[in-house]
Amino acid sequence: MGAAVYNAGAVQVRVDEKKLDGAHIHLALPASVVNVGLKFAPDYQLRHASKEVQPWVPAIKIATEELAKYPYLSLVEVDDTTDHVRIFKHGDKLVIDVDTPEETVHVSVPLSTILSAVKKIEAAGPGV
Amino acid sequence: MKKTFLMVMILALATSMAPAATADKWLHIKVDNTGDKTERVRVNIPLDLAEKILPAINRNNLHAGKVRLGEAKINDIDLRTVLDAIRTSKNNEFVTVDSDRAKVRVAKQGGYLVVKVTDEKHRQKEQKVDISIPFSVVEALLSGDKNELDLVGAIRALAAHGDTVLVTVTDGTSNVRIWVDSQNAAQ
């Protein structure tokens, strides 16, 4: 139960390179770590990120609120002869899965974390 | 007992006549390429989501859910002129527009704007484009200023219309289909 509770609010990143002795990166970070990490980001980088994200903040807020209504939602599937991409919403998370001949990548982020991070980046903008 | 039975019957009848909740409508895009590079694309977007997000995006020509077009031309064809001609034409009467690149036939059929495009430059591939848009959606799209398209209005009209296939494109190696229904995944 402890593991289930932990995973529920975690940002998960898995990267597995398929070559011999390839890198395997598996991260499961509590969502709160993302917010703490933003506190340590250099101000100039946060201001730059804020400037880039500002025009999209209203849309991101609405998207995360609306996506929360759907328990499961397959948004995008792309397959060609070598690469496969899936973007979907599962439970309270936005999930991106990529499978290429070189590597597999899995990213799973709680929608609430996306919203929280975007708000913090927005707040770091100039004049705020 | 009789009175209770009657009350129950009236309640059941009233409940059955209550309007059903409006089902979510989904926009689906399906692309299958079988040419040199095999490719399969599936996109599923709830119309409700699109309707709410579009007004929040203000970038380039997109503002408040409307797209501003310079001269509203596509493939050198003046869109509004063609649509005005269709609006005043009789049902099933095609307006044919020839451009350097394609032959475009547009008509009003059974409440739909129907567009059939034959790509003249690539006859060997026999590319065909069939577009069928409910006229209510077209009207909503053009309900704004002369040089803008009201995307949010069009999405609302589309959601209200019901299940429909909007676009099919076929050529020798590609199939594209865009449609709206109540399923949350492409079938």
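The values are calculated or read from the model by the stated rules, or taken from the named source; none is laboratory data. Keep in mind it's a predicted model, so treat the numbers as computed, not measured. For neighbour counting, all protein chains shown are included, and Cβ atoms are generated from backbone atoms with ideal geometry for every residue, glycine included.
Considering only region A:68-84, how many residues are under 15 Å from B:Leu49 (Cβ atoms), in a strand (DSSP E or B) and more than 7 Å from chain B (Cβ to nearest Cβ)?
Here is the first cut: in region A:68-84, the residues under 15 Å from B:Leu49 (Cβ atoms) are A:68-76.
Applying the additional criterion that residues be in a strand (DSSP E or B) yields A:72-76.
Okay, now just the ones that are also more than 7 Å from chain B (Cβ to nearest Cβ), so A:72.
So the answer is 1.
Kindly indicate whether any position in region B:41-49 is at the interface with another protein chain (Cβ under 7 Å from one of its Cβ atoms), free of Cβ contacts under 8 Å to residues at least 24 places away in the same chain and among the basic types (Lys, Arg).
No: zero hits.
I'm trying to understand the selection: among the residues of region A:78-128, which are within 20 Å of B:Val41 (Cα to Cα), crowded, with 17+ Cβ neighbours inside 10 Å and not hydrophobic (A, V, I, L, M, F, W, C)?
A:Arg86, A:Lys89, A:Asp99
Working only within region B:52-71, note down all residues that are of a type outside the set (Gly, Ala, Ser), outside any strand (DSSP E or B) and within 14 Å of chain A (Cβ to nearest Cβ). I'd like the intermediate steps shown before the answer.
Residues of region B:52-71 that are of a type outside the set (Gly, Ala, Ser), as a first pass: B:52-55, B:57-63, B:66-69, B:71.
Remaining after also requiring outside any strand (DSSP E or B): B:52-55, B:57-58, B:60-61, B:69, B:71.
Hits for region B:52-71 are B:Lys52, B:Ile53, B:Leu54, B:Pro55, B:Ile57, B:Asn58, B:Asn60, B:Asn61.
Residues to consider are B:Ala102, B:Ala186, B:Ala159; find the one that is closer than 18 Å to B:Trp26 by Cα and at pLDDT below 85.
On the way: B:Ala102 fails: closer than 18 Å to B:Trp26 by Cα; B:Ala159 fails: at pLDDT below 85.
Answer to the selection: B:Ala186.
Could you tell me which of the residues B:Leu158, B:Leu151, B:Leu166 is buried (at least 16 other Cβ atoms within 10 Å of the Cβ), within 14 Å of chain A (Cβ to nearest Cβ) and under 12 Å from the mean Cα position of the chain (by Cα)? Don't jump to the end; show me each part of the working.
Details: B:Leu158 fails: within 14 Å of chain A (Cβ to nearest Cβ); B:Leu166 fails: within 14 Å of chain A (Cβ to nearest Cβ).
Just a single option satisfies the conditions, and that option is B:Leu151.
Is it the case, given these coordinates, that A:Ala49 is part of a strand (DSSP E or B), surrounded by 11 or more Cβ atoms within 10 Å (Cβ to Cβ) and more than 9 Å from chain B (Cβ to nearest Cβ)?
No, not satisfied.
Mind telling me which of the residues A:Pro42, A:Pro55 ends up being surrounded by fewer than 16 Cβ atoms within 10 Å (Cβ to Cβ), within 14 Å of chain B (Cβ to nearest Cβ) and at pLDDT below 90? Let's see the steps before the verdict.
On the way: A:Pro42 fails: within 14 Å of chain B (Cβ to nearest Cβ).
It is A:Pro55.
Only residues that are assigned to a strand (DSSP E or B), within 14 Å of chain A (Cβ to nearest Cβ) and under 16 Å from B:Leu47 (Cα atoms): list them for region B:169-187, please.
Matches in region B:169-187: none.
Are there any pairs with C-beta distances below 8 angstrom linking a residue in region A:95-107 that is more than 25 Å from A:Val34 (Cα to Cα) to a residue that is part of a strand (DSSP E or B) and of a type in the set (D, E, K, R), with the two at least 6 apart or on different chains, and if so which?
Pairs that qualify, where the first residue is more than 25 Å from A:Val34 (Cα to Cα) and the partner is part of a strand (DSSP E or B) and of a type in the set (D, E, K, R), are A:Glu102/A:Glu17.
Tally time: how many residues in region B:6-48 are modelled with pLDDT of 90 or more and surrounded by 14 or more Cβ atoms within 10 Å (Cβ to Cβ)? Give the steps one after another, and end with the answer.
Residues of region B:6-48 modelled with pLDDT of 90 or more: B:25-33, B:38-48.
Still in the list and also surrounded by 14 or more Cβ atoms within 10 Å (Cβ to Cβ): B:25-33, B:39-48.
Count: 19.
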